[in-house]
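Trainee: Please see the structure below; I have some questions.
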Amino acid sequence: MNAFGHQFRDYDAESERQKSVEDFYRLQHINQTVDFVKKMRAEYGKLDKKVMSIWECCELLNEVVDESDPDLDEPQIQHLLQSAEAIRKDYPNEDWLHLTALIHDLGKVITLPQFGGLPQWAVVGDTFPVGCAFDESNVHHKYFLENPDFQNKVYNTKNGIYTQGCGLNNVMMSWGHDDYMYMVAKENGSTLPSAGQFIIRYHSFYPLHTAGEYTHLMNEEDKENLKWLHVFNKYDLYSKSKVHVDVDKVKPYYMSLINKYFPETLRW
Ligand SMILES: O[C@H]1[C@H](O)[C@@H](O)[C@H](O)[C@@H](O)[C@H]1O
Ligand SMILES: [Fe+2]
Ligand SMILES: [Fe+2]
């Protein structure tokens, strides 16, 4: 049960958040097109918005509340610490996994004015490939009918512009906090293992990791990394709670991990 007394990720359950979450997905499904994703990748690939440390970004997330999430209305820094602390308890030796959990949602800063102030539909919510048919496992799938790419013959077949087994790295995902944070980690030379980078990049890809669709686009490396994403997902989802983590108490531990896997400051 989530903090509102419903099952996690029930997008139809009547709750105070149901309607606003559905409205969110309507906008997201209409506006995420191949052209839009190309534009965002070029714009945010410049990494010219700010220079700051990982921890500074964690603190900035205090100002972000995620409109797509039916299970959580806490400040995001609590979600980061709750998921990291939960996975740390069960996997004490995988320090990269603790850090991955801490930073997996940092990309949500692109909704803040100083990072371009993107609308929430371009930042949060589940992700999906653009440039090929939108699978029915996407939540509130019906709104894709109003997406201009839906009518495009090149884009609306199973493989679309991709080829079987081409690897997710060659697939354009809807634009949001996953791909942005992956870009930040990679371009700033993070030494986080490939599985950690994969988790950051695809943790919102529920149609793949939970529904098991779009597997025809994966290559062998993706299949290996997906195993860790399955582990991670449980903690991302089920650690959401009203019980807060004491930030000052756990900060030294996470600072030591940040110093191990990231430079002191990064370009965002
Ligand atoms: O509402 C949630 C939230 O935005 C998460 O950060 C994202 O990873 C999920 O996939 C999404 O459904
Ligand atoms: Fe996320
Ligand atoms: Fe998350």
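Trainee: Which net charge results when you count Lys and Arg as +1 and Asp and Glu as -1 among the other residues whose beta-carbon is under 12 Å from that of residue 211? The partial results should precede the final answer.
Mentor: Working: positive: 9; negative: 126, 135, 136, 213.
Charge balance in the 12 Å sphere: -3.
Trainee: Over all pairs of distinct alpha carbons, what does the Kirkwood formula give as the hydrodynamic radius of the chain, in Å?
Mentor: Evaluated on the chain, it is 18.8 Å.
Trainee: Once you keep just the Cα pairs under 8 angstrom separated by 6 or more residues, what percentage relative contact order results for region 34-100?
Mentor: Once normalised by length, the contact order is 17 percent.
Trainee: Report ³J(HN,Hα) in whole Hz for each residue of region 114-126, in order, from the Karplus equation J = 6.51 cos²θ - 1.76 cosθ + 1.60 where θ = phi - 60°; Gly and Pro get x.
Mentor: For region 114-126, the Karplus-derived couplings read 6, 10, x, x, 5, x, 4, 5, 9, 10, 10, x, 5 Hz, x marking Gly and Pro.
Trainee: Ok, one more. Residue by residue through region 23-32, what is 3J(HN,Hα) from phi via Karplus (6.51 cos²θ - 1.76 cosθ + 1.60, θ = phi - 60°)? Round to whole Hz and write x for glycine and proline.
Mentor: 4, 4, 5, 4, 4, 4, 5, 6, 9, 7
Trainee: Using DSSP to define loop residues, name the trypsin sites (Lys or Arg not before Pro) in region 14-109 whose beta-carbon has at most 13 other beta-carbon atoms within 10 Å.
Mentor: For trypsin sites (Lys or Arg not before Pro) across region 14-109 that sit outside H, G, I, E and B with at most 13 neighbouring Cβ atoms in 10 Å, the list reads 46.
Trainee: Per DSSP H run of at least 4 residues, take -39500 (n - 2.57); add these up for the chain, divide by its residues and hand me the 222 nm value, nearest 500 deg cm²/dmol.
Mentor: My calculation for the chain gives -13000 deg cm²/dmol from helical runs alone.
Trainee: Go through region 69-77 residue by residue and turn each phi into a ³J(HN,Hα) via Karplus (6.51, -1.76, 1.60, θ = phi - 60°); whole Hz please, and just put x for glycine and proline.
Mentor: Listing the rounded values in order: 9, x, 10, 8, 10, 8, x, 4, 4 Hz.
Trainee: I'd like the distance between the alpha-carbon centres of region 189-236 and region 10-48, rounded to an integer number of Å.
Mentor: Distance between centres, Cα-based: 20 Å.
Trainee: Per residue, how large is the accessible surface of the chain? Use a 1.4 angstrom probe and give square angstrom.
Mentor: Numbers: 11650 Å² over 268 residues.
Accessible area per residue: 43 Å².
Trainee: Give 19/46; 49/260; 19/50; 153/227 a once-over and call out the pairs whose C-alpha atoms are over 26 Å from each other.
Mentor: 19/46; 19/50; 153/227
Trainee: If I take every Cα pair under 8 Å that is 6 or more residues apart in the chain, average their sequence separation and divide by the length, what percent do I get for the relative contact order? Before the final figure, lay out each step's value.
Mentor: On the way: 424 pairs, mean separation 72.4, N = 268.
Value for the chain: 27 percent.
Trainee: Please list, ordered by chain and number, the residues whose modelled amide H lies under 5 Å from the amide H of residue 52; skip anything fewer than 5 residues away on the same chain.
Mentor: For residue 52, the qualifying residues are 266, 268.
The values are calculated or read from the model by the stated rules, or taken from the named source; none is laboratory data. Here the structure is a predicted model, which means the values were calculated and not measured. Methodologically, a virtual Cβ is constructed for each residue, glycine included, from the backbone with ideal geometry; neighbour enumeration extends over all protein chains shown. Please note that ligands, DNA and RNA were not included when accessible areas were found on the heavy atoms of the full protein model with its side chains. Shrake-Rupley method; radii C 1.70, N 1.55, O 1.52, S 1.80 Å.
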